[in-house]
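Inspection log for the structure reproduced underneath, given as structure tokens.
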Amino acid sequence: MSDLDSDFRYMAICDLDKDLRRKELNVDKQMEAKITEGLMKCLYDTNTEVQNMSLKLLVPYVAKLQDYLHLVKQIGAKLDDPTTSDIAATSLKIIVNELPLDYKHINSMILYLIPKILVHFKQDSFEIDLLDVLADFFPKFGVTMNALADAKSLQTSISSTLLELLNHGRPVVRKRSINALSAFSTIAPDNVFNLVAQELITQLSAKSKQNDYAKLQTIISALASLCRTNADRMAGSVGVLIDSTLSFAKVDDDDLKENCLQALEVLVQSSISSATLESVINLALEMIKYDPNYDDDEEEMDVDEEEEEEETYSDDDDMSYKVRRAAAKVLSSVVSNQPQTIPLLYERVTPVLIQRFNERQETVRIDVINTLITLVKCTGVHHGERVQERIKRRKGSQGPFQSGSSGSVSLLKAQVPNIVKAISKFISLSTVSSAIVGIELLTEITKVCNGGLENSLSFVIPTFKGLLSNTKVFNNSVVHTDIKIKTLALIVSIVTLHDSDTISEFFPPLVNAIVESTDDSYYKVQTEAFSSIVQFVVVLRPSGDMGYVSISEKAKELVLQLYQVTWAILQRDDVESEVSEKALLALGAIVSNAADLVSVQKVESEILPHLLVRLKNESARIVTLEVVKTLFASSLLENINSSILDQFVAQILEFITKTHRPTAINSLQCLILLIPKAKSLNVAEYKSILENLNILYSNLPDVSILTLGFDLLACMVETSMDKFDTVMRDIVKSTTIPKLIDIIVNSSYIVSGGSGLDSLLYLWSALAANESLSDFYVTGVRPLVDLSTGSESKKVSKETYHVLAKCVGKSVKCQQFTSLITELYDRVRTLSDNVQFFSIIALGEIGIQVDLTQQIPDIFNTIDSIFQNGNESLKNSASYSIGRIALGSLKTSLPVILSNIQNKKYEYQYLSALHELLQCSVSEGISLGSFDDELFRILFERTQNPTDDSTLSLLAECLGKLSLTNVSKYVPILKQNVDSTVSSTRASTITAYRFTLSSTNPEYNNIVKPYILNFLGKITDSENKVRYAALSALHSTIHSRSDLIADLLSQLLPALYEQTKLREDLIEVVDMGPFKNKIDHGLEARKTAYECMASLLDNCYQHLVMTDFIKVVLRGLADNQNEIKITNHLILQKLAKTGDKTLNLFTAELIPLLKAGALTVTKDTAVKQEIENIKTYVQSSVKTIKALNAVLTLPTWINFVEEIQKSTVGEIYESV
């Protein structure tokens, strides 16, 4: 590094840079001193390349340094020399960026570096890069600086120096001073911040009187920057600032106008009065038309005048377009941050924006269109059809959506014709960028309005031919591929979101446009075209309740046109694989929806053989299987030649045992469709299928594949068992059934619930009912029963016994079954727990199908003995069993259960039985007949004096299940009891209402709507358990039927927010020897309240006042329970996905709360569970930070994220 040759110096630095970047290299003090000495020489080398490489070397070197202060002092000394100050400033900037947060001598660093920089600013000529150093330094170490003993004098010096620099003569100095002052303001204490803000406001007035417009721009920008970074502390001044800015914007100075509008773009993010907001909108509307050098209405000048004008003025000198751009961005900011103004904006702003589509400056036109896109998107988020559809799609949502906020969508629809006309004038003539945003605007309109272009398509459709052309010159170049792809996406939106009858006249040109795109030179355009065909065919040939509807001759021609172009591309060998796959999917869509139009003969002779060939190609196999599945699911292909189907079966059968999961799944799904249709399969082919299934069962694949394997065998048993010969039946008995039993016993986790259990039981029922398997009792049922008594019984889990019992219950149709009932009943009275357990639940599974009280009259006495003497597991199984038995013998069993509940004889057990009975009656659709009224009365009586909380919970669930049987009858009765003086009755009534939310009654909403506040209003009840029940009910209502409460949220939200507060009166302190343990009885209710808020974001976002909402979330982040904080992390993550910019107003509050969570460390004495909980909490915090990073844009947040990335959780941040 000291060599005389500059090339050697350069190479030495490069080598050192490479070495320093190795993690394993450690730099000791002696080596550090040598490197620092050499580096200081090279930083000020006469060779520029050596200097630049030395600056680059600082990055890895600082990471290895131990004594940062020594290096900083050496570099700082160079600031005094004008010839070296520029390199010194750049070096300090690099060092500050790389300086670790935990540097132990940071106090000394602050006391040296900050005063040094401030003194440097007093010179006539100084380095402006040092302002960037301060802007980077304050967010990282400002809190530490404020804790110093002489922090007050340091803060005063910083603020006075930066305020002074705002009056500097050079614009670049003033601009960077604003950045530094903004960074300082985020860590400045309130007294210093208030002095800075007041001084700026004072200067604002002074500069306006002096007509010093350049300095006035600086002050306005500085105040706007303070509002952006310190919204809460500047809230009181926002109104005054807006008023001043509005008046300054009238000054005849384009730069000042632009500056004022940029400030307003920030200021409207705050909460301001409607009158002030209207003034801002009026100004923006005026400024968006501000073009003093051009008049749309003036007549054209003659040639001489034009030539004279060209000599004196050029568009290159016109800067007024910046004013218009800034005005458009103000309107966009109003839309994003003040959504309550959307209806007003449609009436006053939209016409002006449409008029400005003829803007002569490309950049301004794009911003104008983007502003309108923002307005349309916000309409969709807050008021649009997409909100309605999202709510309707929520699981459990029943009945039609009743919208109360479609006014803005109507206003948008009224403006659509004008928008379309304006776009159609320039979309084919302007540049690529303008065309793209124009298409995006039309696409967004169709999504928000769920159509909306039906009356304007005559203006839109003619442009598509040009936009999708391969030959048309587009602004002196071939049409851009992005335009083609977006145009095709727009066509899909038009076709799928409009009523087909209304727009059918436009189908021919749309089809022609798509067809032309299938032969585009760029493969991605072709891919998008074939994807469009998949969507279009369903519209051209829709299906109804009675099958596929007949269509017009013109529609038939269009379908055949799409088929021909698709079939032609599939015959070619020179197309991209992605294009080929999409074309194959398009072929599947066409043939499955219009096989009769294409002709079934052509399907058999050309298309299906083509698919057989493609099945042999491994790279195309999955897509081909998807197409085969689509085709054979179609009702139009019911009578395909069996010989072809046999070939498909033989080909696909090879794939079901493949390790490639998607191939196996698609193959099994195809075979399930093919087997019933393949009438000519012979015994050998069936045997091959059976053998492959046995291999599949032996391999124990995942639950999805195994479920399909069960379904395939059940399909064969039901449709083809008569074709099985003796050998095949023997295979089923000796191999298949034992393998199924082995799966039940040794892999019960696969079939213990869900689709795995459903498919197994369906298969078992099919086997038991099949007459060809006459000895199924011996081969299938007896092995299940014997497992509970043999030597293997101890290895069988309780979970497995349930599956075994359900299979036994599905075997009631097989021969010799009657004797088994007596055997099982005898086993109930044995002393073996396992035998008793299995026998009890098996009788329950049988009893739901057969009246066991006729064959076993004293079964209740036996059950009572189990309730009296059995362990908890046996008691629970007996309750489960007696509930199911009672459903099969209501007249004899239900009175016994009710009597025991009334007499409190084994009350909890019989309530559990009743719960099982009611649950099964709802799922099976079995009526309770005349028992329901008496049952309802008894249950309500018991809620007034429950034995314990678990009994009360069961009573409430039973009431809810019973109410489901007749919602119109029982919900009004629930309403009458919700105001009971007994708190347990109120709580159980509210819980019962919650269970009715799963009702499938189409009139449910109309029935419940009048009473909804009676139930949910109890979140303010005086009793904690009633509040918790009401909050749980509110959560369920928001999740599944948010339309019920959409117009009631103004009444419910204040009460909900109140329930998120920590209540000291619900915290109980329990003495545990030398320790005191705090029990928070309000935790569950508080947690449920926050869960309600999370669901509100999913379903009622458009009804929330976001500033109030976020304040409650901040309270949750400061809660003393980590599970509450994690719930609020989830809320913030959801909020970030909405892109709501209101979050920026709370950046200052979010940073310390999230930082505390992300950097939480476990105590040395923490046990394993505490360690895991802290780990989960830290990961949740970091995930939230990363999610918010997509929305929050303030410098303080950016610096905070950089701090997190460099901290101990940096790896977690990168991995989430």
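The table that follows gives values for the structure above.
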{"item": "Restricting the stretch 1181-1201 to residues that are at pLDDT below 85 and of a type outside the set (A, V, I, L, M, F, W, C), the residue that is nearest to Pro100 (Cα to Cα)", "result": "Asn1199"}
{"item": "Output for the stretch 507-526, where each listed residue is open to solvent by 10 Å² or more (accessible area, probe 1.4 Å) and either part of a helix (DSSP H, G or I) or under 15 Å from Val460 (Cα atoms) (or both)", "result": "Phe507, Pro508, Pro509, Asn512, Val515, Glu516, Tyr523, Lys524, Gln526"}
{"item": "Positions within the stretch 1133-1153 being open to solvent by 30 Å² or more (accessible area, probe 1.4 Å), farther than 14 Å from Lys1183 by Cα and under 20 Å from the mean Cα position of the chain (by Cα), in sequence order", "result": "Thr1138, Gly1139, Lys1141"}
{"item": "Sole residue being open to solvent by less than 10 Å² (accessible area, probe 1.4 Å) and touching a residue at least 60 places away in the same chain (Cβ under 8 Å), chosen from Tyr970, Tyr993, Tyr1004", "result": "Tyr1004"}
{"item": "Unique match (being assigned to a helix (DSSP H, G or I), open to solvent by less than 30 Å² (accessible area, probe 1.4 Å) and in contact with a Cys (Cβ under 6 Å, 6 or more places away or on another chain)) among Leu914, Leu959, Leu935, Leu952", "result": "Leu914"}
{"item": "Residues of the stretch 418-449 satisfying the condition of being under 22 Å from Pro508 (Cα atoms), open to solvent by 10 Å² or more (accessible area, probe 1.4 Å) and either of a type outside the set (Ser, Thr, Tyr) or at pLDDT 90 or above (or both)", "result": "Lys421, Thr443"}
{"item": "Unmet requirement for Asp367, which otherwise passes all of (1) at pLDDT below 90; (2) closer than 30 Å to Gly451 by Cβ", "result": "(1)"}
{"item": "Cβ-Cβ under 9 Å pairs, at least 6 apart or on other chains, the stretch 1065-1076 side free of Cβ contacts under 8 Å to residues at least 24 places away in the same chain and farther than 21 Å from Glu1023 by Cα, far side part of a loop (DSSP other than H, G, I, E, B) and open to solvent by less than 100 Å² (accessible area, probe 1.4 Å)", "result": "none"}
{"item": "Number of the condition not met by Thr981 [criteria: (1) in contact (Cβ under 8 Å) with a residue 24 or more places away in the chain; (2) open to solvent by 80 Å² or more (accessible area, probe 1.4 Å)]", "result": "(1)"}
{"item": "Hey, Lys175 more than 23 Å from Thr144 (Cβ to Cβ), open to solvent by 60 Å² or more (accessible area, probe 1.4 Å) and in contact with a helix residue (DSSP H, G or I) (Cβ under 9 Å, 6 or more places away or on another chain) or not", "result": "yes"}
{"item": "Candidates Ala263, Ala249, Ala235, filtered to the one that is crowded, with 22+ Cβ neighbours inside 10 Å, within 22 Å of Phe193 (Cβ to Cβ) and in contact (Cβ under 8 Å) with a residue 24 or more places away in the chain", "result": "Ala263"}
{"item": "Every residue from the stretch 767-791 that is open to solvent by less than 10 Å² (accessible area, probe 1.4 Å) and either part of a helix (DSSP H, G or I) or free of Cβ contacts under 8 Å to residues at least 24 places away in the same chain (or both)", "result": "Leu767, Ala768, Phe776, Gly780, Val781, Leu784, Val785"}
{"item": "Residue in the stretch 825-884 that is nearest to the chain's Cα centre (by Cα), counting only those that are open to solvent by less than 50 Å² (accessible area, probe 1.4 Å) and of a type in the set (Lys, Arg)", "result": "Arg884"}
{"item": "Long-range neighbours under 7 Å by Cβ, at least six apart or interchain, first residue within 18 Å of Trp567 (Cα to Cα) within the stretch 498-522, second among the β-branched types (Val, Ile, Thr)", "result": "Ala513/Ile491; Ile514/Ile491; Ile514/Ile533; Val515/Val565; Ser517/Val525; Thr518/Val565; Thr518/Ile569"}
{"item": "Residue check for Ser428: in contact (Cβ under 8 Å) with a residue 40 or more places away in the chain, outside any helix (DSSP H, G or I) and small (Gly, Ala, Ser)", "result": "yes"}
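Residue-wise test of (1) more than 42 Å from the chain's Cα centre (by Cα); (2) outside any helix (DSSP H, G or I); (3) not aliphatic (A, V, I, L, M).
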site: Arg621; (1), (2), (3): no, no, yes
site: Ile672; (1), (2), (3): no, no, no
site: Leu681; (1), (2), (3): yes, yes, no
site: Ala684; (1), (2), (3): yes, no, no
site: Gly709; (1), (2), (3): no, no, yes
site: Leu713; (1), (2), (3): no, no, no
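The values are calculated or read from the model by the stated rules, or taken from the named source; none is laboratory data. Everything quoted here is computed from the prediction, not taken from an experiment. Note: ideal-geometry Cβ built from the backbone for every residue, glycine included; neighbour counts use all protein chains shown. Remember, those area values only see protein heavy atoms, side chains included, never the ligands or the DNA or RNA. Shrake-Rupley method; radii C 1.70, N 1.55, O 1.52, S 1.80 Å.
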